[in-house]
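> Once you've had a glance at the structure underneath, I'll fire off some questions.
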Amino acid sequence: MSEIRLAAETRTEFGKGAARRARRAGFVPGVVYGHGHAPVHLNLPGHDLMMALKTPNALLVVPIEGKDEYVLPKAVQREAIKRSIEHVDLLLVKRGEKVTVEIPVHTEGELAPGGNLLEHVLNALPIEAEATHLPESVTVSVEGLEAGASIHAKDIVLPAGVALAVEADAVVLQVIGAQAAPAEDEAAEAEGAEA
């Protein structure tokens, strides 16, 4: 995963009024914490941050006290209607440090014929990997799977250096057979409609 550099500024004003002024100026208030350091309050460029957060688990580089630091988005508050970013919490990470994150699970291929449905039991797979080498997603083949089949976390091939952060037997995907009404019920409904 590539790193995304953001030109952040240290915040000196706090409270709702200061946050509103920052948002009007095109910034998003944020807080960086972790590694036992005191929280650092920043104003981040709103548009650049929005574009960076389109990538799951984006590795961001922000200047903190004159030094570039790696951070991962931990919590993002969005405005309810416009969905604009209101505030972001960032976790300070170091090169080589292992972190636990969730990555999206994508599927490829076609299920066996017969109107089967694919259920995503886990939309995101919890993994543990080095903070500077996080995979963006994982792709699983569902080609030819029939009703009753399931894919467990241990069945998913992960990139080198990535480990599961969930039980190996956890169901990630399962195939559900098409639900059809019994013929007797349909006949009874048809007779009831005629009467």
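The values are calculated or read from the model by the stated rules, or taken from the named source; none is laboratory data. Predicted model only: the values in this text are computed from it and were never measured. For neighbour counting, all protein chains shown are included, and Cβ atoms are generated from backbone atoms with ideal geometry for every residue, glycine included. Please note that ligands, DNA and RNA were not included when accessible areas were found on the heavy atoms of the full protein model with its side chains. Shrake-Rupley method; radii C 1.70, N 1.55, O 1.52, S 1.80 Å.
> Name every residue in region 139-173 that is polar (S, T, N, Q) and within 18 Å of the chain's Cα centre (by Cα), in order of residue number. Show your work before the answer.
Taking region 139-173 as the starting set, the residues that turn out to be polar (S, T, N, Q) are 139, 141, 150.
Hit for region 139-173 is 139, nothing else.
Each row is one residue, and each column tells you yes or no for (1) of a type in the set (A, V, I, L, M, F, W, C); (2) surrounded by fewer than 17 Cβ atoms within 10 Å (Cβ to Cβ); (3) at negative phi.
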{"position": "40", "(1), (2), (3)": "yes, no, yes"}
{"position": "44", "(1), (2), (3)": "yes, no, yes"}
{"position": "65", "(1), (2), (3)": "no, yes, no"}
{"position": "84", "(1), (2), (3)": "no, yes, yes"}
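> Further question: Filter region 109-122 down to the residues that are farther than 30 Å from residue 93 by Cβ and assigned to a loop (DSSP other than H, G, I, E, B) and list them by number.
Step one: of region 109-122, the residues farther than 30 Å from residue 93 by Cβ are 109-119.
Those that are farther than 30 Å from residue 93 by Cβ and assigned to a loop (DSSP other than H, G, I, E, B): 109, 110, 111, 112, 113, 114, 115, 116.
> Here's another thing I want to ask about it. Counting only residues that are open to solvent by less than 20 Å² (accessible area, probe 1.4 Å) and assigned to a helix (DSSP H, G or I), which one in region 18-38 is nearest to residue 62 (Cα to Cα)?
If we take residues in region 18-38 being open to solvent by less than 20 Å² (accessible area, probe 1.4 Å) and assigned to a helix (DSSP H, G or I), then 22 is nearest to residue 62 (Cα to Cα).
> Working only within region 10-36, note down all residues that are more than 15 Å from residue 85 (Cα to Cα), under 26 Å from the mean Cα position of the chain (by Cα) and not hydroxyl-bearing (Ser, Thr, Tyr).
32, 34, 35, 36
> Looking only at region 96-111, decide whether some residue is open to solvent by 20 Å² or more (accessible area, probe 1.4 Å), modelled with pLDDT under 85 and under 29 Å from residue 36 (Cβ atoms).
Yes, that holds for at least one residue.
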